[in-house]
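Step one of this worksheet: look at the structure below.
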Amino acid sequence: MNAGMRELFTRHPSNPLLTADDWPTPVNVVFNPAAAEVDGETVLLARVEALTGISELTVARSSNGVDGWRIASEPLLAPANGIESERWGFEDARAVWIDELDRYAITCTAYGPAGPAVYLATTKDFLTVERRGIVINPEDKNAALLPERVDGKWILFHRPTTGFGIAHPGIALSRSPDLVSWSPPEMVLEPRDGAWWDSLRIGIGPPLLKTEHGWLLIYHGVKETVGGAIYRLGLALLDLEEPTRVLRRAPEWIFAPQAPYERQGDVGNAVFPCGVLHDTASGELRLYYGAADTSICLATARLDELLDALLRA
């Protein structure tokens with residue numbers, strides 16, 4: 001397969017959309033945003049790393065999702081005084097609208113001395129937020145909820161890094177009746193052995209999308225090379241009724257760091273998506289991703305083309 005076929009996403013010509021230079025206060029980098037649509041606008045919940053090295057989550061809004069961004073003067077989620085589990089900040093949010101709750105569920109990584117943990121908050125407008133706190137204890141990250149219950153239970157995808165007895169962590173899920181107590185993790189997808197592009201570790205990208213063929217999972221995979229780690233994107237399709245069942249997994253990556261802003265930065269050779277928006281009328285997916293842990297970028301694809309690639313796998 002040639003490079004043109006492999007790259008199923010197309011970079012937006014305005015990339016990078018947001019950088020530290022766009023922020024109202026001095027910061028180091030902005031990257032890895034959750035994405036949502038609120039009142040006809042695109043809302044990004046960006047990870048903003050301060051000059052201290054600690055990250056907060058701040059909202060940026062745009063009428064077209066490309067430019068004219070309005071950046072909130074205060075973070076939506078920042079470490080609270082006296083709470084050890086979030087002392088070192090919040091990172092890499094995902095946001096999904098949940099009809100049953102009539103609000104967005106935000107999952108992110110809270111970082112403290114015990115390590116990274118999965119944190120849950122909810123919001124209707126990204127102006128205020130209801131903190132629900134740690135739902136999966138350290139060490140764990142890369143989490144997102146499904147937008148609806150499966151067999152009466154909430155499903156949380158995440159990546160435990162301890163407790164599996166494996167060297168290379170993968171994607172797991174846990175189940176809950178109430179968004180408070182969670183079952184032990186069940187493995188869904190593991191890194192592939194050897195020279196594969198996703199052989200070191202994997203984790204979810206944005207929240208999964210429900211399709212007629214199954215839950216569409218866009219995930220990041222990492223390979224260690226003599227020049228350092230490379231973060232690329234792949235595809236998998238999970239069963240709607242039993243999402244631990246993998247129906248398809250594409251063998252090849254479908255998006256990789258190629259542009260200079262993806263190859264050079266605080267963490268070079270990295271594309272890391274946390275947000276996706278689906279235009280049901282046109283079938284277009286807008287993927288918002290962090291580039292080289294330094295800026296926020298946009299790439300687009302057609303949902304039917306992603307599904308076709310998977311169904312041929």
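The values are calculated or read from the model by the stated rules, or taken from the named source; none is laboratory data. Remember, predicted model here, so these are calculated numbers, not experimental data. When we count neighbours, we look across all protein chains shown, and the Cβ atoms used for this are built from the backbone with ideal geometry, even at glycine.
A compact table of results
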read-out: Where E148 falls short, out of the listed (1) surrounded by 15 or more Cβ atoms within 10 Å (Cβ to Cβ); (2) under 26 Å from D99 (Cα atoms); value: (1)
read-out: Residue in region 217-229 that is surrounded by fewer than 15 Cβ atoms within 10 Å (Cβ to Cβ), in contact with a helix residue (DSSP H, G or I) (Cβ under 6 Å, 6 or more places away or on another chain) and at pLDDT 95 or above present; value: no
read-out: Region 231-269: number of residues that are outside any loop (DSSP other than H, G, I, E, B), of a type in the set (F, W, Y) and in contact with a Lys or Arg (Cβ under 7 Å, 6 or more places away or on another chain); value: 1
read-out: Of all residues in region 260-283 being surrounded by 16 or more Cβ atoms within 10 Å (Cβ to Cβ) and among the small types (G, A, S), the one that is farthest from L307 (Cα to Cα); value: G265
read-out: Residue ID - modelled with the lowest pLDDT, chosen from residues in region 149-161 that are assigned to a strand (DSSP E or B), over 11 Å from I204 (Cβ atoms) and of a type outside the set (D, E, K, R); value: P160
read-out: Strands (runs of 3 or more DSSP E) wholly inside region 51-148 containing at least 2 residues that are more than 19 Å from W182 (Cβ to Cβ) and without any contact (Cβ under 8 Å) to a residue 60 or more places away in the chain; value: 55-62, 90-98, 103-112
read-out: Restricting region 58-104 to residues that are surrounded by 16 or more Cβ atoms within 10 Å (Cβ to Cβ) and either among the β-branched types (V, I, T) or modelled with pLDDT under 95 (or both), the residue that is nearest to P206 (Cα to Cα); value: V96
read-out: Every residue from region 198-208 that is buried (at least 20 other Cβ atoms within 10 Å of the Cβ) and hydrophobic (A, V, I, L, M, F, W, C); value: I202, I204, L208
read-out: Hits in region 292-308 (condition: over 20 Å from P207 (Cβ atoms) and not charged (D, E, K, R)); value: A292, T294, S295
read-out: Some residue of region 2-23 being of a type in the set (A, V, I, L, M), out of contact with any strand residue (DSSP E or B) (no Cβ under 6 Å at 6 or more places or on another chain) and at pLDDT 95 or above; value: no
read-out: Residue in region 231-254 that is closer than 29 Å to N28 by Cβ, surrounded by fewer than 18 Cβ atoms within 10 Å (Cβ to Cβ) and not charged (D, E, K, R) present; value: no
